[in-house]
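So the structure is just underneath, and the comments pick up after that.
The values are calculated or read from the model by the stated rules, or taken from the named source; none is laboratory data. Computed from a predicted model, the values in this text were never measured in an experiment. In this analysis, Cβ positions are derived from the backbone assuming ideal geometry, glycine residues included, and neighbour counts consider all displayed protein chains.
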Amino acid sequence: MTEQKLRELLDDLSLEEKIGQLVQIPGWHFEDSAAVTGGDTQADAQLRYKPLAGSTLGVLGAEKLRALQESYMANHPHHIPMLFMLDVVHGLRTVFPIPLAQGGGFDPALAEECARAAALEAAVSGIHVTFAPMCDLVRDSRWGRVMESPGEDPLVNGLMAQAMVKGFQGEHCGEKDRIAACIKHFAAYGAAVAGLDYQNVELSEQTLREFYLPAYEKGIRAGAELVMTSFNLLNGVPASGNPWLLNQVLRREMGFDGVLISDWGSIGEMVPHGYCADLKEAAEKAIHCGVDIDMCSGAYAGHLQELIAEGKVDISLIDRAVWRVLVLKNKLGLFENPFKDADAAREKELVLCKAHRELARRAARETAVLLKNDGILPLNPGEKAAFIGPFAADAPLHGGWAIVGRDEDTVKLKDVPIEGAVYLPGCTLLDNGMVYNTGSYWEEDHEAKNAALLQQALEAAKSADKVILCLGEHRMQTGEAASRADTRLPGVQRNLLEQVARVNPSIALVIFSGRPLELTEQEPLAKAILYGWMPGSEGGPGLNDLLTGVCSPKGSVPMSFPRSVGQLPMSYNHMRSGRPARNPAQPFVTRYLDVPNTPLYPFGHGLGYTEFTLSPIRQDRSAIAPGETLTAKVTLTNTGRREGTATVQLYIHDVTASRVRPVRELAAWQQMTLNPGEERELTFQLREEMLRFPNAQGFASEKGKFEFWIGLCSDTDNGSGFELL
Ligand code: BGC
């Protein structure tokens with residue numbers, strides 16, 4: 001539709017119709033089985049808007065959505081199509097590894113491919129908008145939603161956001177088989193105090209701008225059509241009603257002019273936060289902050305009309321919001337084709353198709369991280385392996401926020417058996433208790449059951465050459481509202497490991513989890529640890545490719561593994577105190593009395609089945625002025641006996657600055673695959689732009705000394721220096 005026609009349409013709408021465009025109502029009002037989160041606080045107010053609601057979420061299926069669109073439009077006074085939204089976070093029915101795993105792949109092109117395939121499955125199933133990518137920076141693995149984030153580094157986070165937006169939207173969200181992307185959760189939702197979901201966030205403006213905002217901005221610059229506000233207070237002000245954050249930072253500074261949608265009920269939640277007296281005030285505050293769509297709180301449905309009548313909200317604010325929603329519908333091409341790509345025949349053909357399964361398998365093997373290997377992996381042909389643990393049996397692999405994924409579509413390790421291997425659960429997945437949303441309780445006789453499972457496992461372990469112990473968290477132990485104060489493996493699984501280690505110490509641990517778990521006690525009992533994350537629909541075959549040595553692991557740690565949960569929050573790019581612990585025996589320095597300051601596994605760490613060495617850095621100059629480039633070279637050599645891929649990382653540190661800079665920051669990386677004995681020169685270019693940070697000059701570099709390192713993880717000492725003139 002031309003812009004002029006769209007303007008005419010807007011002008012012709014009644015006030016009720018306009019408000020309707022700003023009201024999103026839960027999918028369960030249209031069908032029984034909609035998969036959505038949160039409560040329905042204002043069902044009555046929202047239901048009045050059912051015939052006019054501009055969007056819904058959580059309903060899926062080409063036929064269903066075609067029928068819904070048809071009947072909705074037939075009854076709508078201006079026949080405006082409805083938007084269908086859904087959380088397509090790491091796949092639709094074909095589930096890819098969780099976004100945290102994808103961050104650890106350090107491979108934006110792979111993330112883009114996964115998003116593209118997810119968009120295709122969603123598009124043919126009738127979806128127009130995904131609530132992804134989630135770009136919240138995370139430093140605290142107690143928070144359940146770390147699984148949805150690419151991790152703790154602003155650069156990785158931003159490049160993944162950009163890649164995923166491209167994967168979902170293509171060049172334009174109106175293209176065939178593409179959907180619109182929504183950057184979330186704006187802003188800093190990942191910094192919840194003590195890792196507790198929905199908690200307050202306290203951040204200095206410096207920290208917010210330097211670490212937390214860049215990834216959202218990259219996603220927006222990549223063209224994301226929507227942004228979602230977050231649940232949290234930011235320094236005392238709820239994100240969904242924060243004029244500085246939304247009007248100033250998001251709209252003015254970042255120049256975002258697309259649709260801003262609240263999170264589920266987050267406008268209404270400004271009341272219990274203690275920021276608004278009632279829903280009416282919440283609606284008033286949110287619309288003044290440019291929140292265009294109210295996701296399911298009922299505040300807009302219940303109160304916008306009244307607020308306009310009372311003169312508290314100017315109609316121009318409503319028109320602006322409606323305009324953005326109409327523009328999005330127009331970009332998606334819905335005025336010409338309200339069904340977009342919804343197509344039952346293609347849905348049948350493409351959802352879970354072979355190509356997507358192959359991609360899921362590749363993604364699972366390319367994002368798993370080999371944390372440790374004393375030579376026990378890969379398995380050698382003819383070796384007798386005992387696969388033991390809940391994840392060697394039936395535990396689900398598709399992770400939280402795979403809301404359409406199904407366990408029965410998932411290929412597990414036991415479904416692709418290795419010749420001669422046995423597969424046994426060894427114990428139940430969970431300790432006594434219930435995991436949020438799962439309803440899984442221990443059966444009455446859990447102790448007897450576990451005793452029998454353990455006995456069986458020990459017998460198998462005794463007679464095996466190697467034990468592949470497949471342990472981890474329940475998929476619903478991460479995700480929304482799944483914070484944990486104790487991030488160790490469930491006790492019953494820790495016990496299994498200890499018991500097995502007594503009868504057979506040749507143990508390779510394979511961990512399935514949505515967060516970096518605290519593994520300090522388990523690490524010494526394992527000769528190898530392969531971190532499989534929540535690997536998705538093809539987790540079994542993907543990890544099997546690694547365990548059997550068909551491929552070599554190449555993922556890296558996207559989020560520091562703490563030695564103890566007491567170290568959290570942590571990240572490699574921290575500041576240095578005035579008393580750094582250079583000598584751990586020295587008193588009165590920055591250190592814990594009971595654990596080292598360092599992580600168990602640092603950011604960027606990841607092994608393969610070969611070994612790499614890196615030469616010292618060779619650089620062409622020792623100083624640069626703005627506009628100049630320093631070229632730094634290293635030689636990477638595969639000194640092992642197998643092919644492998646190294647992720648070579650460049651870190652920079654500004655030695656002194658007007659604001660203290662992190663001890664090191666990732667500035668670039670390159671992935672390189674080499675054959676045994678092969679060597680390759682890698683070139684990194686350092687420029688003034690890479691040295692900028694928020695300071696009194698805005699976003700600028702400061703002259704002086706810099707250190708830099710090129711290594712295979714953040715904890716490298718392969719360093720050098722230069723000066724910025
Ligand atoms: C989550 C969002 C999600 C929304 C819709 C909320 O509970 O925080 O990430 O997009 O629900 O499902």
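Annotation: ALA667 fulfils all but one of (1) surrounded by 15 or more Cβ atoms within 10 Å (Cβ to Cβ); (2) in a loop (DSSP other than H, G, I, E, B); the unmet one is (2). Across segment 114-126, a minimum of one residue is classified as in a loop (DSSP other than H, G, I, E, B), surrounded by 24 or more Cβ atoms within 10 Å (Cβ to Cβ) and touching a helix residue (DSSP H, G or I) at 6+ places or on another chain (Cβ under 8 Å). Selection of first residues in segment 149-164 that are polar (S, T, N, Q) and of second residues that are outside any helix (DSSP H, G or I), restricted to Cβ pairs under 6 Å at least 6 apart or on distinct chains, gives the following pairs, ordered by first then second residue: SER149/MET134; SER149/ASP136; SER149/VAL138; ASN157/CYS135; ASN157/LEU137; ASN157/PRO150; GLN162/ALA222. The set of residues from segment 121-143 being out of contact with any Lys or Arg (no Cβ under 8 Å at 6 or more places or on another chain) and more than 15 Å from the ligand (Cβ to nearest atom) comprises SER125, LEU137, ARG139, ASP140. Remark: pairs (first residue in segment 234-250, among the hydroxyl-bearing types (Ser, Thr, Tyr); second residue assigned to a strand (DSSP E or B); Cβ separation under 7 Å; 6+ apart in sequence or on different chains) = SER240/THR229.
Please work out if VAL503 is surrounded by fewer than 20 Cβ atoms within 10 Å (Cβ to Cβ) and not small (Gly, Ala, Ser). Here the answer is yes, as VAL503 does meet what is asked. Number of residues in segment 54-66 that are within 15 Å of the ligand (Cβ to nearest atom) and in a loop (DSSP other than H, G, I, E, B): the value is 3.
The set of residues from segment 76-93 being farther than 19 Å from VAL129 by Cβ and in contact (Cβ under 8 Å) with a residue 12 or more places away in the chain comprises PRO77, HIS78. Counting just the residues of segment 397-436 that are in a loop (DSSP other than H, G, I, E, B) and hydroxyl-bearing (Ser, Thr, Tyr), which one comes out modelled with the lowest pLDDT? That would be TYR436.
Screening the candidates GLY604, GLY640, GLY627, GLY608 for the property of being surrounded by 14 or more Cβ atoms within 10 Å (Cβ to Cβ), at positive phi and in contact (Cβ under 8 Å) with a residue 12 or more places away in the chain yields one hit, GLY604. Residues in segment 709-725 that are loosely packed, with under 13 Cβ neighbours inside 10 Å and touching a residue at least 12 places away in the same chain (Cβ under 8 Å): LEU725 alone. Report yes if VAL36 is within 16 Å of the ligand (Cβ to nearest atom), surrounded by fewer than 23 Cβ atoms within 10 Å (Cβ to Cβ) and either more than 15 Å from TYR300 (Cβ to Cβ) or at pLDDT below 95 (or both), otherwise no. Yes: the conditions hold for VAL36.
Cβ-Cβ contacts under 6 Å between residues 6 or more apart (or on different chains), taken from a first residue in segment 172-189 that is over 27 Å from GLN248 (Cα atoms) to a second residue that is within 16 Å of the ligand (Cβ to nearest atom) and hydroxyl-bearing (Ser, Thr, Tyr), are listed as ILE179/THR130.
Scanning segment 670-689 for residues that are surrounded by 17 or more Cβ atoms within 10 Å (Cβ to Cβ) and within 24 Å of ARG209 (Cβ to Cβ) yields LEU686, GLU688. Taking each residue of segment 114-142 that is charged (D, E, K, R) and looking for partners that are within 16 Å of the ligand (Cβ to nearest atom) and part of a helix (DSSP H, G or I) with beta-carbon atoms closer than 6 Å, six or more apart or interchain, yields ASP136/TYR189; ASP136/GLY190; ASP140/GLY195; ARG142/GLY195. The helices (runs of 4 or more DSSP H) found wholly in segment 289-385 and carrying at least 1 residues that are of a type in the set (Phe, Trp, Tyr) occupy 299-309, 315-331. For the condition surrounded by 13 or more Cβ atoms within 10 Å (Cβ to Cβ) and closer than 18 Å to THR716 by Cβ, GLY549 does not qualify. Reported count of residues in segment 694-708, each being crowded, with 19+ Cβ neighbours inside 10 Å, touching a residue at least 60 places away in the same chain (Cβ under 8 Å) and not in a loop (DSSP other than H, G, I, E, B), is 1. Among the residues of segment 171-198, those that are among the aliphatic types (A, V, I, L, M) and surrounded by fewer than 24 Cβ atoms within 10 Å (Cβ to Cβ) comprise VAL193, ALA194, LEU196. Run HIS288 past the list (1) more than 15 Å from the ligand (Cβ to nearest atom); (2) touching a strand residue (DSSP E or B) at 6+ places or on another chain (Cβ under 9 Å) and report the number of the one that doesn't hold. Tallying (1) more than 15 Å from the ligand (Cβ to nearest atom); (2) touching a strand residue (DSSP E or B) at 6+ places or on another chain (Cβ under 9 Å), HIS288 fails exactly one: (2).
Within segment 144-160, being within 14 Å of the ligand (Cβ to nearest atom), of a type in the set (Gly, Ala, Ser) and in a helix (DSSP H, G or I) holds for one residue alone: GLY144. For segment 477-491, a residue qualifies if it is surrounded by fewer than 22 Cβ atoms within 10 Å (Cβ to Cβ) and either in contact with a strand residue (DSSP E or B) (Cβ under 8 Å, 6 or more places away or on another chain) or of a type outside the set (Asp, Glu) (or both), and the qualifying residues are ALA481, ARG484, ALA485, ARG488, GLY491. Only one of the numbered conditions (1) over 25 Å from VAL146 (Cβ atoms); (2) buried (at least 22 other Cβ atoms within 10 Å of the Cβ); (3) of a type in the set (Asp, Glu) is not met by ASP257, and that is (2). Only residues that are assigned to a loop (DSSP other than H, G, I, E, B) and under 22 Å from ARG142 (Cα atoms) were counted in segment 517-535, giving 10.
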